[in-house]
1. Specify which of the listed residues (Arg284, Arg315, Arg289) is touching a helix residue (DSSP H, G or I) at 6+ places or on another chain (Cβ under 6 Å) and on the phi < 0 side of the Ramachandran plot.
2. Identify all residues within region 9-28 that are farther than 17 Å from Pro122 by Cβ and more than 6 Å from the ligand (Cβ to nearest atom); write none if there are none.
3. Within region 290-301, identify whether any single residue is over 23 Å from the mean Cα position of the chain (by Cα), among the β-branched types (Val, Ile, Thr), assigned to a loop (DSSP other than H, G, I, E, B) and loosely packed, with under 14 Cβ neighbours inside 10 Å, and answer yes or no.
4. Confirm whether Ala235 is part of a strand (DSSP E or B) and either without any contact (Cβ under 8 Å) to a residue 40 or more places away in the chain or in contact with a His (Cβ under 9 Å, 6 or more places away or on another chain) (or both).
5. Out of (1) more than 20 Å from Leu349 (Cβ to Cβ); (2) assigned to a loop (DSSP other than H, G, I, E, B), what's the single condition that is false for Phe52?
6. Kindly establish whether Arg55 is of a type outside the set (Ser, Thr, Tyr), away from the ligand (no atom under 14 Å from the Cβ) and over 28 Å from the mean Cα position of the chain (by Cα).
7. Hey, among Ala115, Ala97, which residue is in contact (Cβ under 8 Å) with a residue 40 or more places away in the chain and on the phi < 0 side of the Ramachandran plot?
8. List the residue pairs whose Cβ atoms are under 9 Å apart, where the first residue sits in region 11-26 and is assigned to a loop (DSSP other than H, G, I, E, B), the second is of a type in the set (Gly, Ala, Ser) and near the ligand (Cβ under 6 Å from one of its atoms), and the two are 6 or more positions apart or on different chains.
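The values are calculated or read from the model by the stated rules, or taken from the named source; none is laboratory data. No experiment lies behind these values; they were computed from the predicted model shown. Note that we place each Cβ from the backbone using ideal geometry, even for glycine, and neighbour counts take in every protein chain shown.
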Amino acid sequence: MLERGEVANSWRRERWDSLRLLTPNWQSRLPGLRYEGPDPDGYMTAGEVSEFIGRFAKVSRAPVRTGVNVTSVRRAGEGYQVTTSRGEIHARTVVIASGACNQPSVPPFSGAVPASVAQVTPFGYRGPAQLPDGGVLVVGASATGVQLAAELRRSGRPVTLSVGEHVRLPRTYRGRDVLWWMDASGLWDQRYDEVEDLTRARRLPSPQLAGTPERATLDLNALTAMGVGLVGRWAAVRDGRALFSGGLRNVFSLADLKMERLLDTFDEWAKTDGYDAEAGPPERFAPTRVPETTRLQLDLRSGEIGAIVWATGFRPDYRWLDVPVVDAKGQLNHEGGVVDSPGLYALGLPVLRRRRSTFICGIEDDAREVIGHLARFLAARR
Ligand SMILES: Cc1cc2nc3c(=O)[nH]c(=O)nc-3n(C[C@H](O)[C@H](O)[C@H](O)COP(=O)(O)OP(=O)(O)OC[C@H]3O[C@@H](n4cnc5c(N)ncnc54)[C@H](O)[C@@H]3O)c2cc1C
């Protein structure tokens with residue numbers, strides 16, 4: 001196992017100070033290791049996640065070689081030639097487990113933002129104190145965007161949030177964590193070959209959830225109640241002005257509708273599985289409030305906005321992979337983790353083999369199946 005940094009590198013180096021998992025502690029499980037602390041319904045801090053993964057590396061006795069950067073993997077003979085910062089390795093099979101979120105995704109028009117406005121991505125952001133004075137424009141309303149907008153607003157900043165397509169979820173539903181429902185109802189176990197539009201499912205933004213001790217919902221209604229201003233999807237920069245799409249009403253009603261459908265699915269499951277009596281009564285939530293007026297542009301030279309936080313998603317980095325298995329959008333071509341090149345495998349990608357693959361708790365089943373395929377591949381060659 002080659003790791004360019006330390007064990008749990010992404011959790012040590014690429015997360016902001018206040019970040020907690022949005023998945024509850026009882027859901028943090030790795031093969032043979034689960035959370036056994038006093039707060040199963042709480043949410044780990046980034047530091048606690050690093051410790052948890054560090055403990056797993058020890059108890060599983062994983063043969064990790066840290067500080068080894070892989071700079072190239074290419075096909076050679078019956079296997080792969082792996083070039084690293086510490087020399088060459090020949091491997092019959094290679095498992096790519098380099099992560100799905102190696103780089104923040106930032107739209108190209110960020111280059112046209114006036115130099116007077118500071119720009120930061122979640123990889124560079126640590127906390128509100130680091131940003132220059134003035135208003136903050138947070139771009140993207142998925143998990144990262146809503147969490148950072150709330151934190152910045154609480155620090156006293158004027159915050160505007162640019163909202164595109166998003167996934168709205170309540171933190172708790174009928175007395176349980178909403179992710180308990182995803183788990184218990186079997187939705188997270190839906191397999192990749194049963195998902196109707198797999199490409200879309202793999203690109204779905206993260207849900208508007210935060211892990212806080214209060215287990216509070218952090219949807220757009222919660223943010224506007226805190227005083228966060230909402231604008232539409234950021235479409236372009238022209239003459240120093242940020243131009244936003246209109247149609248917030250449609251974006252909101254789509255997210256509201258999808259949430260309702262999901263809650264309907266939970267209710268149906270509760271009824272058929274006999275959980276109805278145990279759970280609280282079904283709940284429905286107020287529609288997302290549409291602002292009376294929405295700004296369609298913001299003058300970035302006026303001084304109103306001091307900083308932009310790009311919470312526009314993450315992407316993998318396969319620049320080191322010299323095998324033609326990456327598509328034009330930078331995503332790996334694979335069938336449930338079996339990459340389109342003999343002996344090449346992948347783990348740790350969104351909806352890799354089932355919906356839960358996107359999360360830490362997805363690795364156990366995925367690893368068993370992918371490594372099963374790898375073992376059969378090696379056995380057949382022998
Ligand atoms: C902001 C954020 C919040 C998240 N919150 C949650 C959550 O609440 N719950 C949850 O279950 N999941 C969450 N996730 C997803 C979570 O990160 C993953 O489930 C988990 O960390 C993935 O682990 P991984 O080992 O597959 O990838 P990573 O954690 O990305 O690890 C990949 C490793 O590969 C190393 N690497 C990459 N390229 C090379 C190379 N060329 N040579 C050598 N080493 C290399 C990296 O240094 C890194 O250590 C979150 C992700 C992000 C980005």
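1. One residue alone meets the criteria, Arg289.
2. Pro24, Asn25, Trp26, Gln27, Ser28, listed by residue number.
3. yes
4. So Ala235 fits the description; yes.
5. (2)
6. For Arg55, the condition - of a type outside the set (Ser, Thr, Tyr), away from the ligand (no atom under 14 Å from the Cβ) and over 28 Å from the mean Cα position of the chain (by Cα) - is not met.
7. Being in contact (Cβ under 8 Å) with a residue 40 or more places away in the chain and on the phi < 0 side of the Ramachandran plot holds for just one of Ala115, Ala97, which is Ala97.
8. Pairs that qualify, where the first residue is assigned to a loop (DSSP other than H, G, I, E, B) and the partner is of a type in the set (Gly, Ala, Ser) and near the ligand (Cβ under 6 Å from one of its atoms): there are none.
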